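Peer 1: Please read through the structure below; I'll follow up with questions.
What follows draws every value from the coordinates through simple rules; no lab data is involved. The structure presented is a predicted model; accordingly, all values stated were derived computationally and were not measured. Note: ideal-geometry Cβ built from the backbone for every residue, glycine included; neighbour counts use all protein chains shown.
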């Protein structure tokens, strides 16, 4: 019997395009408390530890960053307490939307200085 091996081992990193790498690096470290895993000054990118298995890579671009709430892909961060995280992000002066609650989740979106979308989601038991 042949054992089936999956093609992938999960998502390694998610790339987020930014306009100014140094400014963005400080924002992600100060506002979201991410730590730098690796950076390449020549390529203008920084890999950040998100606290889980998947890292976040911010990468400078000279092109226009176009974000659309209806069509853009974005990462969702799992949390134990969405209210607490929203409060902390608000204190850190991060732009956040209102919390939405349904039968199974409590979630909200927030944005980096370039308008990139992120979401926080708490699974309600």
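Peer 1: Give me the percent of DSSP beta bridges within the chain that run antiparallel, rounded to the nearest 5.
Peer 2: Working: 20 of 29 bridges.
Around 70 percent antiparallel, to the nearest 5.
Peer 1: Work out the P(r) tail for the stretch 36-98: percent of alpha carbon pairs separated by more than 18 Å, whole number.
Peer 2: On the way: 1132 of 1953 pairs.
Result for the distance tail: 58 percent.
Peer 1: Another question about this same structure. Relative to the compact-globule scaling 2.2 N^0.38 Å, provide the ratio for the alpha-carbon radius of gyration of the stretch 1-52.
Peer 2: Details: Rg = 15.5 Å, N = 52, 2.2 N^0.38 = 9.9 Å.
That works out to 1.57 for the stretch 1-52.
Peer 1: Would you mind ranking 72, 24 so that the residue whose beta carbon has the fewest other beta carbons within 10 Å leads the list?
Peer 2: Working: 72 12, 24 23.
So the ranking, lowest neighbour count to highest, is 72, 24.
Peer 1: If you compute Cα Rg over 2.2 N^0.38 Å for the structure shown, which of (1) 1.05; (2) 1.35; (3) 1.17 do you land on?
Peer 2: Working out Cα Rg over 2.2 N^0.38 Å from the coordinates points to (3).
Peer 1: Over the chain, what relative contact order in percent results from Cα pairs under 8 Å that are six or more residues apart?
Peer 2: Working: 200 pairs, mean separation 27.3, N = 125.
About 22 percent, as a whole number.
Peer 1: In the Gaussian network model of the chain, springs joining C-alpha atoms below 10 Å, which of 79, 47, 94 carries the largest mean-square fluctuation?
Peer 2: Of 79, 47, 94, the most mobile in the Gaussian network model is 79.
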